[in-house]
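Before any comments, here is the structure.
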Amino acid sequence: MIEVQHFTKHYGDFIAVDDLSFTIGKGETFGFIGPNGAGKSTTIRFLATLLRPTSGEGRVAGFSVTSEPMAVRRVIGFMPDDFGVYDGMKVWEFLDFFAVAYEIPRGYRKKIIGEVLELLDLTHKRDDYVNGLSKGMKQRLCLAKTLVHDPPVLILDEPASGLDPRARLEMKALLNELRQMGKTILISSHILSELADFCTSIGIIERGKLLAAGSIREIQNQIRSHRVLKVRVLDESTDRAAELLRGDSSIRMVEAYDHTLSAEFEGQDRDMARVLDRLIQSGITVQSFAEEPLSLEEVFMMITKGIVA
């Protein structure tokens, strides 16, 4: 649905983005991760047809970003990291303005605006003036205008920037709903906790270079040589459980603390099931048994540590 091919952007001697390539499939939610100044917004503005590349190409829903910009604009909803609202306009007028810009026929506009207001839980704000809205409500309104033409692709640059914790949770719930509707979403953020349980795939960018891209699980497997098992048992079973784990051929190292065992595991899923069965058959009461994935913060730090040194 989105393809970036060798995108490069120079500002004089400064290289903002250097030979960037990645693909986002239909229905995916792609988290574009990196610190401020890494090149996220430059890439997003390129895909939104607002920035010409020094070199490279992009395609959105099959349309060329460089040679078919109007076609691209019809199939994307773009939410920038910083936006303004028009003073003196009511909420419904603001959305109607963008509906007109997208050439939505007059007879459909009222229905579409009503549906978007309901989706974004803004119906009760319909007749409020946009300049009187809170920061969180303005963010919702910007997302609403992004959806007014029902685009299949959403490109969102730091959509939760500046929001309080409650508004962040509400924004995440809205984005989850859009994902379930089948939208393809590219979302950038430097707050990794916002993306950890939301994205189907990620791209990590640092100083204009893409360091890794793919599903979180794929990237974890690339950077960690072993899997980690986390086992919690009753207090009196801790020492016996540790001894059993250390005696298993698929376990490399075991650490025990506070009734919990952390084991470096080098087997397959079938071996993991066997380890659990062995613990239970030995009379050990297992309270929890699961593979512990790397957090998104750990993935980011492990991938970028050589770059930022």
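The values are calculated or read from the model by the stated rules, or taken from the named source; none is laboratory data. Only a predicted model underlies this, so the values are computations on that prediction, with no experimental measurement involved. Methodologically, a virtual Cβ is constructed for each residue, glycine included, from the backbone with ideal geometry; neighbour enumeration extends over all protein chains shown.
Among the residues that make up region 94-104, is at least one of them modelled with pLDDT under 95, assigned by TED's automatic domain parsing to the domain that holds L20, in a loop (DSSP other than H, G, I, E, B) and among the charged types (D, E, K, R)? Yes, the conditions are met somewhere in region 94-104.
The residues of region 9-40 that are crowded, with 16+ Cβ neighbours inside 10 Å and over 22 Å from the mean Cα position of the chain (by Cα), listed by number, are K9, I15.
Condition first: more than 16 Å from H10 (Cβ to Cβ), hydrophobic (A, V, I, L, M, F, W, C) and not in a loop (DSSP other than H, G, I, E, B). Now tell me which residues in region 22-48 satisfy that. Across region 22-48, the qualifying residues are F22, I24, F30, F32, I33, I44, L47. Candidates in region 55-80 are the residues that are part of a strand (DSSP E or B) and of a type in the set (S, T, N, Q); of these, the one that is surrounded by the most Cβ atoms within 10 Å (Cβ to Cβ) is S64. Say whether the condition of being buried (at least 16 other Cβ atoms within 10 Å of the Cβ), assigned to a helix (DSSP H, G or I), over 37 Å from the mean Cα position of the chain (by Cα) and touching a residue at least 12 places away in the same chain (Cβ under 8 Å) is met by at least one residue in region 283-291. No - not one qualifying residue is present in region 283-291.
Going by the conditions given, is F83 assigned to a helix (DSSP H, G or I), of a type in the set (F, W, Y) and within 24 Å of A173 (Cβ to Cβ)?
Working: assigned to a helix (DSSP H, G or I): no; of a type in the set (F, W, Y): yes; within 24 Å of A173 (Cβ to Cβ): yes.
In short, no.
Report yes if R52 is more than 22 Å from M171 (Cβ to Cβ), in the same structural domain as G162 (by TED's automatic domain parsing), assigned to a loop (DSSP other than H, G, I, E, B) and basic (K, R), otherwise no. When the stated conditions are applied, R52 passes them.
For region 107-116, the condition holds for no residue, the condition being that it is part of a loop (DSSP other than H, G, I, E, B), closer than 26 Å to E28 by Cα and either out of contact with any strand residue (DSSP E or B) (no Cβ under 9 Å at 6 or more places or on another chain) or not assigned by TED's automatic domain parsing to the domain that holds A61 (or both).
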